[in-house]
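J.: Below you will find the structure I want to go over with you.
The values are calculated or read from the model by the stated rules, or taken from the named source; none is laboratory data. Treat the numbers as computed from the prediction; the structure is a model and nothing was measured. Ideal geometry is used to build each Cβ from the backbone, glycine not excepted, and the neighbour counts take in all protein chains shown. Accessible surface is based on the protein model in full, side chains and every heavy atom, while ligands, DNA and RNA are left aside. Shrake-Rupley method; radii C 1.70, N 1.55, O 1.52, S 1.80 Å.
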Amino acid sequence: MMNRKIGATKDLIEPKQEDFKIFEFNFNMEHTDSVKERKIEMYKFENLPQVLNGIDDITRYWNGGWYSRDNESENFATYHHEFVFYTKGLNDDDIRKAFNNEKITVSWTNNKNEQIEKEYNISNLIEFSSNN
């Protein structure tokens, strides 16, 4: 399933193409048959416009989409988010800081009925490329 939202540049002062970056996020989990049950939670990740627009008083989130495949009958799950955002005036640390409270929690039960949980902070996983 792909959802999309579109922004407008009318409120920006002299926007240029290089003022916009593409953020691509991929989360994949693969496991053996010993995993009986899994649960993946992405806190607030569905609220990307609020996360990015909360940096300052400027509309940062522009447009984007996402899809996921997480069927319990399969030994994998995948989540993909991709969006364009306005980065003029922001450095890499500002972008990381916006994601400080964004976490992914993965929990599963193994065949010994042990509950295992791992948490990932998205700001620690961000890598920057000069291509976008």
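J.: Within the set of pairs 6+ apart or on separate chains, which have a first residue in segment 108-130 that is more than 15 Å from Met42 (Cα to Cα) and β-branched (Val, Ile, Thr), a second that is in a strand (DSSP E or B) and open to solvent by 100 Å² or more (accessible area, probe 1.4 Å), and C-beta atoms under 7 Å apart?
T.: The qualifying pairs are Thr109/Lys36; Thr109/Glu37; Thr109/Gln115.
J.: Going through segment 33-54 one residue at a time, which ones are under 23 Å from Arg96 (Cβ atoms), open to solvent by 90 Å² or more (accessible area, probe 1.4 Å) and modelled with pLDDT of 85 or more? Don't jump to the end; show me each part of the working.
T.: Step one: filter segment 33-54 for residues under 23 Å from Arg96 (Cβ atoms), giving 40-54.
When the remaining residues are screened for being open to solvent by 90 Å² or more (accessible area, probe 1.4 Å), the result is 43-44, 46, 50.
Residue satisfying the conditions is Gln50 alone.
J.: Select from segment 79-96 the residues that are open to solvent by less than 30 Å² (accessible area, probe 1.4 Å) and assigned to a strand (DSSP E or B) and list them in ascending order.
T.: Of all residues in segment 79-96, those open to solvent by less than 30 Å² (accessible area, probe 1.4 Å) come to 80-81, 83, 85-87, 95.
Hits for segment 79-96 are His80, His81, Phe83, Phe85, Tyr86.
J.: Taking Glu30 as the residue in question, decide whether it is open to solvent by 30 Å² or more (accessible area, probe 1.4 Å) and at pLDDT below 90. Steps first, answer last, please.
T.: Numbers: open to solvent by 30 Å² or more (accessible area, probe 1.4 Å): yes; at pLDDT below 90: no.
The answer is no for Glu30.
J.: Something else about it: Which of the residues that make up segment 115-132 are of a type outside the set (Lys, Arg) and either more than 12 Å from the chain's Cα centre (by Cα) or open to solvent by 100 Å² or more (accessible area, probe 1.4 Å) (or both)? Walk me through it before giving the result.
T.: Here is the first cut: in segment 115-132, the ones of a type outside the set (Lys, Arg) are 115-117, 119-132.
Matches in segment 115-132: Gln115, Ile116, Glu117, Glu119, Asn124, Glu127, Phe128, Ser129, Ser130, Asn131, Asn132.
J.: Would it be correct to say that Lys112 is loosely packed, with under 12 Cβ neighbours inside 10 Å and either assigned to a loop (DSSP other than H, G, I, E, B) or of a type outside the set (Phe, Trp, Tyr) (or both)?
T.: Working: loosely packed, with under 12 Cβ neighbours inside 10 Å: yes; either assigned to a loop (DSSP other than H, G, I, E, B) or of a type outside the set (Phe, Trp, Tyr) (or both): yes.
Answer is yes for this residue.
J.: List the pairs whose first member sits in segment 48-59 and is in contact (Cβ under 8 Å) with a residue 24 or more places away in the chain, whose second member is among the small types (Gly, Ala, Ser) and open to solvent by less than 70 Å² (accessible area, probe 1.4 Å), and whose Cβ atoms are under 8 Å apart, counting only residues at least 6 apart or on separate chains?
T.: Note: pairs meeting the criteria are Leu48/Gly64; Val51/Ala98; Leu52/Ala98; Gly54/Ala98; Ile55/Ala98; Thr59/Gly7.
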